[in-house]
1. For region 18-34, give me the residue count where each residue is farther than 19 Å from I67 by Cβ, surrounded by 12 or more Cβ atoms within 10 Å (Cβ to Cβ) and not basic (K, R).
2. Would you pick out the residues in region 21-50 that are touching a strand residue (DSSP E or B) at 6+ places or on another chain (Cβ under 8 Å), in contact (Cβ under 8 Å) with a residue 12 or more places away in the chain and not basic (K, R)?
3. Select from region 1-20 the residues that are in contact with an Asp or Glu (Cβ under 9 Å, 6 or more places away or on another chain), free of Cβ contacts under 8 Å to residues at least 40 places away in the same chain and not polar (S, T, N, Q) and write down the one among them that is nearest to D77 (Cα to Cα).
4. Among residues belonging to region 51-66 that are part of a loop (DSSP other than H, G, I, E, B) and either without any contact (Cβ under 8 Å) to a residue 24 or more places away in the chain or in contact with a strand residue (DSSP E or B) (Cβ under 7 Å, 6 or more places away or on another chain) (or both), point out the one that is nearest to N2 (Cα to Cα).
5. If N25 satisfies every condition in (1) on the phi < 0 side of the Ramachandran plot; (2) out of contact with any Phe, Trp or Tyr (no Cβ under 6 Å at 6 or more places or on another chain) but one, which is the exception?
6. Out of the residues in region 14-41 that are assigned to a helix (DSSP H, G or I) and at pLDDT below 95, state the one that is farthest from the chain's Cα centre (by Cα).
7. Any idea how many residues of region 42-59 are basic (K, R) and either under 19 Å from N75 (Cβ atoms) or exposed (fewer than 14 other Cβ atoms within 10 Å of the Cβ) (or both)?
Amino acid sequence: FNQVVIFVKSVPRCTALCKLLTEQNFPAVEIHRGMPQEERLARYKEFKEFQTRILVATNLFGRGMDIERVNIVFNYDMPEDSD
């Protein structure tokens, strides 16, 4: 794989999954609303510049995101309704 984005439904899930991945030596970073905007932008830039291969993010972050090297996207949590 080139790069992977994993969407989760909550900040705690985002943090826990990223921690699990990094403990298993996967090159992962997290992005969510619980971190300062400057840090979110720095991590996004790091991912976009292919310095990191796995991005764990809350669903809100994914809107409008376009990264050309991403070839796998996971929705880790199932939606609560079918809409």
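1. So the answer is 3.
2. L21, F26, P27, A28, V29, E30, I31, H32, Y44, E46, F47, F50
3. C18
4. Residue satisfying both the conditions and the ranking: R53.
5. Condition not satisfied by N25: (1).
6. Q37
7. Within region 42-59, residues that are basic (K, R) and either under 19 Å from N75 (Cβ atoms) or exposed (fewer than 14 other Cβ atoms within 10 Å of the Cβ) (or both) number 2.
The values are calculated or read from the model by the stated rules, or taken from the named source; none is laboratory data. All values derive from a computational prediction rather than experimental measurement. In this analysis, Cβ positions are derived from the backbone assuming ideal geometry, glycine residues included, and neighbour counts consider all displayed protein chains.
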